[in-house]
Amino acid sequence: MQDQVNLIKEKAKFISDAEYARLVANWAQQEDNSEQLECFVEGDTFQVGGIISFSTISYLLSTPGIATIKIRFGLKNKEEKQFCLLLFGVDSAGERVTPYCEATSIYTPSKESEALDMPSEELPESLTGLWKYNWISRNGAVGAEVFSIRYGFLHGYNYSVQEFVATLGLAKEKLSVHIIYGLHHYYGLGNSQKASTLPCYAFGLVLHATKLGEANSIDDEGYYDLSSPCPRTC
């Protein structure tokens, strides 16, 4: 996939419990939105992911007792309707042990989708490349249906600490984690009388470890795990 010119709109930061509750509540209200979501587009750019600095990730991973890092979806300022990623850590009992962190949003010009090539046919790069291709080719034009899976409306994904450590260890001297958006194309279950023939799309995330200052060179490698969506594993 060709390199993208990504524009960072805001800095990553820790947020209060009250702010976290407000952001995730705003997002939850989108479940009943029957129109195209406006929260991924800003002017002639659209969101392609988020960035968490190595220093922020190191604080999270260094917390005693942490077992899982949870990524949750939020919606900033109802008027602006800006989608955002929120991270925090919990222990093996599910109790939160870290502050809430808001990722930096990454935007790319809409014209970038016009220059996209289909990804290669080599696994696993073909999967991650295809998912990112599916997202970027939409130019941020998606509806709430891509967040609706068999368990309900998506609020985020969970990752074990080992998964984040593995992501950071993919190469030397990598200083930040990019959380890239993707759309997974699949067939849902049918019923006892008829097999499903309707294709479905679901919003997903791909983790990349990247050197600081190299936001423009996201390749088709990366870590992904669809086994712990929220719901069902909130």
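Under the condition of being at pLDDT below 75 and open to solvent by 50 Å² or more (accessible area, probe 1.4 Å), which residue from segment 176-203 is farthest from the chain's Cα centre (by Cα)?
Q193
I'd like the full set of residues that are in contact with a Cys (Cβ under 8 Å, 6 or more places away or on another chain) and part of a strand (DSSP E or B), limited to segment 48-78.
Once the filter is applied, which keeps residues that are in contact with a Cys (Cβ under 8 Å, 6 or more places away or on another chain) and part of a strand (DSSP E or B), segment 48-78 yields G50, I52, K70, R72, F73, G74, L75, K76.
If you check V206 against the conditions, is it at pLDDT below 85, in contact with a strand residue (DSSP E or B) (Cβ under 8 Å, 6 or more places away or on another chain) and aliphatic (A, V, I, L, M)?
So V206 fails the test.
Okay, residues lined up against (1) β-branched (V, I, T); (2) modelled with pLDDT under 80; (3) in a strand (DSSP E or B):
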site	(1), (2), (3)
E80	no, yes, no
L86	no, no, yes
G89	no, no, yes
G94	no, no, no
T98	yes, no, no
P119	no, yes, no
E122	no, yes, no
L127	no, yes, no
K132	no, no, no
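Residues are listed down the side, and each one gets a yes or a no for (1) touching a His at 6+ places or on another chain (Cβ under 8 Å); (2) among the hydroxyl-bearing types (S, T, Y); (3) buried (at least 19 other Cβ atoms within 10 Å of the Cβ):
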{"site": "S34", "(1), (2), (3)": "no, yes, no"}
{"site": "F40", "(1), (2), (3)": "no, no, yes"}
{"site": "S58", "(1), (2), (3)": "no, yes, no"}
{"site": "K81", "(1), (2), (3)": "no, no, no"}
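How many residues are in contact (Cβ under 8 Å) with a residue 24 or more places away in the chain, surrounded by fewer than 22 Cβ atoms within 10 Å (Cβ to Cβ) and of a type in the set (G, A, S) when one looks only at segment 60-79?
Number satisfying all stated conditions: 2.
In segment 135-160, what residues are open to solvent by 10 Å² or more (accessible area, probe 1.4 Å), within 30 Å of A67 (Cα to Cα) and part of a loop (DSSP other than H, G, I, E, B)?
Passing the criteria: R150, Y151, H155.
The values are calculated or read from the model by the stated rules, or taken from the named source; none is laboratory data. A quick note: this is a predicted structure, and the numbers were derived from the prediction, not measured. Positions of Cβ are generated from backbone atoms using ideal geometry, with glycine treated the same way; all protein chains shown enter the neighbour counts. Just the protein is used for accessible areas: all its heavy atoms, side chains included, with ligands, DNA and RNA removed. Shrake-Rupley method; radii C 1.70, N 1.55, O 1.52, S 1.80 Å.
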